[in-house]
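Worksheet for the structure shown next.
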Ligand code: BMA
């Protein structure tokens, strides 16, 4: 149902950082075509972004950038941090769109990313403590699959993965379970595209799941195809804390859409594509890191409590 007060809240949640875009190909220590779709984590009191970097062949790899305040003075690795392993066939066309989550049990970070090859995109998993050395655990589910992240802990003994397979040409978000991070099953549809809405053609997870007292807060991207091309926007959902296959709330409105010139113009215009968020509990702030127009990295800031209040005013899914 249309509600002006809720619509105003959705519109006002995020403020773009005035120094946007925070990183562009010109910031890079080596030649690149585009830097975009960053995953985010906190490590040693710094904000760490793992950024998709597209080279001049059109293939991507992942590179780390670190900053003390999460906004300025980014220290970018002088070489690619995680490159396609040419001996592994599913990575031959590069690595794309990472997400990072801290695994409490392993005391390590899990990085899920898209491995691309002639076989189609698959989700792969790597584990790391320091973002210098990585243990690669291989691909998780068959193609075509993207937009995946683990939860930080198990549910009734099982790990859980949100991901986005393409089924019958449709692009919905699913959740799957595993006892060992290797064998996956109990696949369930989670968040479906919504006819007629801004997210009617595709949906996919944006950032890592964020734990709150009310439930797991999810950012997801939603796509509408128009006569001028696709528009990628960002919405919110809330999952039950102990049963994350249950969707409690879903935003009727998008909370971030392409408006700034760097979001509208680039290699792929009209795209905002977040892959990571960092919550600063002391200030109740949430920094949402996103790729803008498949070309640069940007950040928008909201209050976590405002996001939750807005979500709770949205209908049940
Ligand atoms: C999606 C992904 C993203 C990209 C977006 C817009 O399918 O491939 O990496 O940012 O399209 O081009």
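How many residues does segment 229-259 contain that are more than 16 Å from the ligand (Cβ to nearest atom) and not in a strand (DSSP E or B)?
Going through segment 229-259 one residue at a time, the tally reaches 12.
Could you count how many residues in segment 257-273 are free of Cβ contacts under 8 Å to residues at least 60 places away in the same chain, surrounded by 15 or more Cβ atoms within 10 Å (Cβ to Cβ) and more than 16 Å from residue 34 (Cα to Cα)?
Final tally of qualifying residues: 2.
With the condition kept exactly as written, say whether any residue in segment 234-256 is more than 22 Å from residue 3 (Cα to Cα) and free of Cβ contacts under 8 Å to residues at least 24 places away in the same chain.
Checked against the condition, which is being more than 22 Å from residue 3 (Cα to Cα) and free of Cβ contacts under 8 Å to residues at least 24 places away in the same chain, segment 234-256 yields at least one hit.
Taking the condition of being more than 11 Å from residue 251 (Cβ to Cβ) and modelled with pLDDT of 95 or more, how many residues in segment 1-16 meet it?
Looking only at that region, the number is 3.
Restricting to segment 210-228, name every residue that is without any contact (Cβ under 8 Å) to a residue 40 or more places away in the chain, more than 16 Å from the ligand (Cβ to nearest atom) and buried (at least 18 other Cβ atoms within 10 Å of the Cβ).
215
Can you confirm whether residue 190 is touching a strand residue (DSSP E or B) at 6+ places or on another chain (Cβ under 9 Å), under 30 Å from residue 83 (Cα atoms) and buried (at least 19 other Cβ atoms within 10 Å of the Cβ)?
In short, no.
Any chance you could count how many residues in segment 260-273 are within 16 Å of the ligand (Cβ to nearest atom) and outside any loop (DSSP other than H, G, I, E, B)?
Total meeting the criteria: 6.
Looking at (1) out of contact with any helix residue (DSSP H, G or I) (no Cβ under 6 Å at 6 or more places or on another chain); (2) assigned to a loop (DSSP other than H, G, I, E, B), which is the only condition residue 175 fails?
(2)
Per-residue answers, yes or no, for (1) more than 16 Å from the ligand (Cβ to nearest atom); (2) surrounded by 19 or more Cβ atoms within 10 Å (Cβ to Cβ):
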site: 275; (1), (2): no, yes
site: 279; (1), (2): yes, no
site: 288; (1), (2): no, yes
site: 291; (1), (2): no, yes
site: 295; (1), (2): no, yes
site: 301; (1), (2): yes, no
site: 307; (1), (2): yes, yes
site: 311; (1), (2): yes, yes
site: 317; (1), (2): yes, no
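Mind listing whichever residues of segment 138-170 are in a loop (DSSP other than H, G, I, E, B) and under 17 Å from residue 209 (Cβ atoms)?
Hits for segment 138-170 are 140, 151, 152, 153, 154, 156.
Is it true that some residue in segment 217-226 is closer than 18 Å to residue 71 by Cα and modelled with pLDDT of 95 or more?
Taking every residue of segment 217-226 in turn, none turns out to be closer than 18 Å to residue 71 by Cα and modelled with pLDDT of 95 or more.
Can you name the residue in segment 189-203 that is closer than 12 Å to residue 233 by Cβ and not in a loop (DSSP other than H, G, I, E, B) and is also nearest to the ligand (Cβ to nearest atom) among such residues?
In this case the residue turns out to be 202.
What is the residue count in segment 110-137 for residues that are part of a strand (DSSP E or B) and either within 16 Å of the ligand (Cβ to nearest atom) or without any contact (Cβ under 8 Å) to a residue 24 or more places away in the chain (or both)?
So the count comes out to 10.
The values are calculated or read from the model by the stated rules, or taken from the named source; none is laboratory data. The shown structure was predicted, so the numbers you read here are calculated from the model rather than taken from an experiment. All Cβ positions, even for glycine, are placed from backbone atoms using ideal geometry, and neighbour counts span all protein chains on display.
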